[in-house]
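Report on the following structure.
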Amino acid sequence: MVFDGFLVAFAVSFGVVFVAELGDKSQLMALAFATRYRALPVLVGITLATAVVHLLSVVIGHGLGAALPTGWISLVAAVAFAGFGAWTLRGDRLTAEERAKAERAGGSAVVAASVAFFLAELGDKTMLATITLATQHGWFGVWLGSTLGMVAADALAIAVGRQLWRRLPERSVKVGAAVLFFLFGGWLGLDAIGQLTGRPAWTVVAAALDHHTAGWIALALGVVATVIAAMGRRRSRSTGAVVGGGVARWWARVLFALSTVLGLAAPLLVAADVIQPIALFDDPGVVVMGAGLALLGVALVLAATAQRWSGRDDFATRGLRSRVRHPGLTGMVVATAGTLLMVPTLVAVLAAVLLLVAVQVQVRAVREPLLARLHGEHYLEYAARTGRFLPRIRVGEDAPPGMPNRQRTRVG
């Protein structure tokens, strides 16, 4: 039984820390050291530094685990792992000073790597993850697993790092690691709910997610998406990106306004018990799915707005607009679909229909014809390599209105 607990602690800690190290600052430092020293001394230095830092981490975590109730520990751990996921999405970069230390470190490679990695790991997310894991599992298994997980990830960086990063997009690696963190945090959160309430976690969640709660959550997400989208439209107007369009533009604006009003009214009316959701879809599982979809939509709108405010034009070679021409509008549709699942009412259905019509009018009758006239072949080439609302499986689609047709195949 004790051995089984050790194996669980070792496996979980190894996997979590290995994933956390993918694209982390420590992995970048390992690559930098490997350009100056032989791989084996660098790995020995990394192992020594990691063993010391993670031993300190498990001592802290084990002490917290003995002093605090396990339910609250699981809840804090869930929040912590959600934070690790966000941290992973943000990514790490070596500062000029850190890169200089890695490239110019003198003396023994073991000493240089040990000192550099010890200082780099203090307060890093892998140290915090190890502390969190030590509150849940046996300290020895966590210490050994987290140490070997980090060493394995850094060894991977040294051995095949250059080839790996050339073949796998860095962003994809970060997103995959972040998703694993979020999933682990969700699992810990459900475990915490069960321990704190003494009832099955899903029973508690189902009882909490009645239509009143779902309505308020949907309203909050809808307000956030609306504000972010309005900021993006203001940016478009300030740069002259959306002008002209005549009657089509007027209709698009009217339809957008109506869909926004109805889309916010639907969750408010449900939350205030003015109208009831459609009974067939009034289920906590559907609410959770809708909330996830709405969060995805808000994230798309936010990412598209951030890219526009960063100064990148509509023909971007990086980011969302390198694959999708109108990611903000896609995000609005996805967020509205999520709201519809959370508060399934006829008002929400009408809002979704009006939004779909508004998006099509705005894109096909206003935005794309204007951009095609303004930028000609430049925009045609951009449209040939991107999808309108979804990423393309392979290059090709009908040309935007006002441009010559080319034989293409698309998704979105």
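The values are calculated or read from the model by the stated rules, or taken from the named source; none is laboratory data. Keep in mind it's a predicted model, so treat the numbers as computed, not measured. Using ideal geometry, Cβ is built from the backbone for each residue, glycine included, and neighbour counts are taken over all protein chains shown.
For segment 104-154, which residues satisfy the criterion of being of a type in the set (D, E, K, R) and modelled with pLDDT of 80 or more? If you could, list the steps in order and put the result at the bottom.
Restricting attention to segment 104-154, the residues satisfying the condition of being of a type in the set (D, E, K, R) are 104, 121, 124-125, 154.
If the condition is that a residue be of a type in the set (D, E, K, R) and modelled with pLDDT of 80 or more, then ASP154 is the only one that fits.
Only helices (runs of 4 or more DSSP H) wholly contained in segment 310-412 count here; list those with 1 or more residues that are at pLDDT 90 or above and under 28 Å from GLY246 (Cβ atoms).
Counting at least 1 such residues, we get 327-342, 346-360.
Answer yes or no: is there a residue in segment 174-190 that is more than 25 Å from the chain's Cα centre (by Cα), assigned to a helix (DSSP H, G or I) and modelled with pLDDT of 70 or more.
no
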